[in-house]
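The values are calculated or read from the model by the stated rules, or taken from the named source; none is laboratory data. Being a predicted model, the structure only gives us computed values, none of them experimental. Note that we place each Cβ from the backbone using ideal geometry, even for glycine, and neighbour counts take in every protein chain shown.
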Amino acid sequence: LDISWYTESMRAGRPVHILDRHKLQVRFTGQDKEMAVFSVPSYACQRRTTLDNQNTTLTDALSLLAENAELSDEDGRGVAFRRAAAVLKALPKPVTDMAQLRGLPCLGEHSLRVIRDILENGMSSEVESTKQSERYKALKVLTGIFGVGAKTADRWIREGIHTLHQLRDSGHTLNRAQQAGVFLHYDDLNRPVSKADADIIGETVGKAVDAVLPGAQVTLIGGFRRGKLTGHDVDFLITHPEEGREEGLMPKVVSWLESRGFLLYQKTTRNSYLECKDGPARPPSNIDRFERCLSIFKLANEETGGTTQLETLTENGTEPAGHRPWRAVRVDLVVSPVSQFAFALLGWTGSKLFERELRRWAGYEKAMSLSSHALYDNKQSRYLRATSEEEIFAHLGLEYIPPSERNA
Ligand code: DCT
Ligand code: MG
């Protein structure tokens, strides 16, 4: 913590009272000013970040700039804005004065400029102009399509395609996922999923898993495990207490669901992770090596009594969602062998930034490689086993942070 201003105050004879170690509550006696000065550790995985965000105006602004950077293939800038937003999310009170931020980590010049603009003028001109820009609006519309990432969207924008209508008229051939995303379920897939919907889908997935492999367990992961009330999808992790029994489980679960009309779309990828072959836990991507199924679920609407029969799908998806007895929901299924379960659970609970920070902490501070499969100690040249998230935090020399406080 930079405390030069504080020692200056002391020298100038302005008494400063520290009331709490983490929230330096400072009173400048004899002046009108009273404010909290904050101090937080620099890695998000050392902090407790609940959903009770006291600085949503500031964090929304920084998150928008992060999103815009990520969509523009500027990941470095994106992470910088995400880290800055995460620091503000961890503060116990709203920020009202720039002086409160002195000494805080991860607040670069650019982020500080945005924060100052908002504190002084009530808004950031950069955020407002980004929001209004044709490019940002088009990126949002096009990446809102299931199966369309930043690169594809960018290519289309350079061809002058900014809207769904322009895309439909462009004659582009879309892959199966994109067809589902743009022609069939665009509105549904861009509507938040509630916890109640997640629970209903969880029951169905539980039934499917139980039917094809009794004893297998299903765990809700992702944002809902962190206590979020809505999400963009529903994520589940499946395992079996006996190592090896989970092999080949995904195709069986998928056909059970498919034969009962629960799936509008699915794409399964096979598990390719083998410790001995791949060496240290540094796979090219930490999230794509489990047996994994990206799907679109057909969720029956409660009030209509629902149906699980596949209906003829309209070709252009213009049928108002409210008139259908079901809605489409993105569901992500992951199967893990029980020996990797704790790592998978930790890696798939998020948030994305919390995960990134855990891996950065492991690498930079502990000379370890953490993935959703394993933890490798580079100094001891061996894998560190764990059967719970608590053990992994302990291996990493970190205080245990429960899921509800990983909302960085
Ligand atoms: N994950 C990650 N890195 C990624 C993508 C995902 O570490 N690049 C992990 C963290 C969260 C988990 O996988 C599930 O991913 P999402 O569903 O995208 O995140 P979420 O937190 O569940 O967000 P939402 O509530 O919007 O679904
Ligand atoms: Mg999710």
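Summary of values
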item: Qualifying residue in segment 170-184 (condition: surrounded by 17 or more Cβ atoms within 10 Å (Cβ to Cβ), modelled with pLDDT under 95, part of a helix (DSSP H, G or I) and among the aromatic types (F, W, Y)); result: yes
item: In segment 124-141, the residues that are in contact (Cβ under 8 Å) with a residue 12 or more places away in the chain and outside any helix (DSSP H, G or I); result: S124
item: Residue satisfying all of: in segment 208-222; within 16 Å of ligand 2 (Cβ to nearest atom) and among the β-branched types (V, I, T); nearest to P403 (Cα to Cα) among these; result: I221
item: Near pairs, Cβ below 6 angstrom, 6+ apart or cross-chain, from segment 215-241 (on the phi > 0 side of the Ramachandran plot) to any residue that is more than 8 Å from ligand 1 (Cβ to nearest atom) and outside any loop (DSSP other than H, G, I, E, B); result: G227/S404
item: Qualifying residues in segment 234-248 (those that are under 26 Å from the mean Cα position of the chain (by Cα) and either among the aliphatic types (A, V, I, L, M) or surrounded by fewer than 20 Cβ atoms within 10 Å (Cβ to Cβ) (or both)) - the one nearest to ligand 1 (Cβ to nearest atom); result: V234
item: Conditions (1) at pLDDT 95 or above; (2) away from ligand 1 (no atom under 16 Å from the Cβ); (3) within 26 Å of the chain's Cα centre (by Cα); (4) part of a loop (DSSP other than H, G, I, E, B); number of the one not met by V254; result: (4)
item: Among (1) in contact with a Cys (Cβ under 7 Å, 6 or more places away or on another chain); (2) within 16 Å of ligand 1 (Cβ to nearest atom) - the single one T268 does not satisfy; result: (2)
item: Selection count where residues are more than 16 Å from ligand 2 (Cβ to nearest atom) and of a type in the set (S, T, N, Q), scope segment 223-250; result: 1
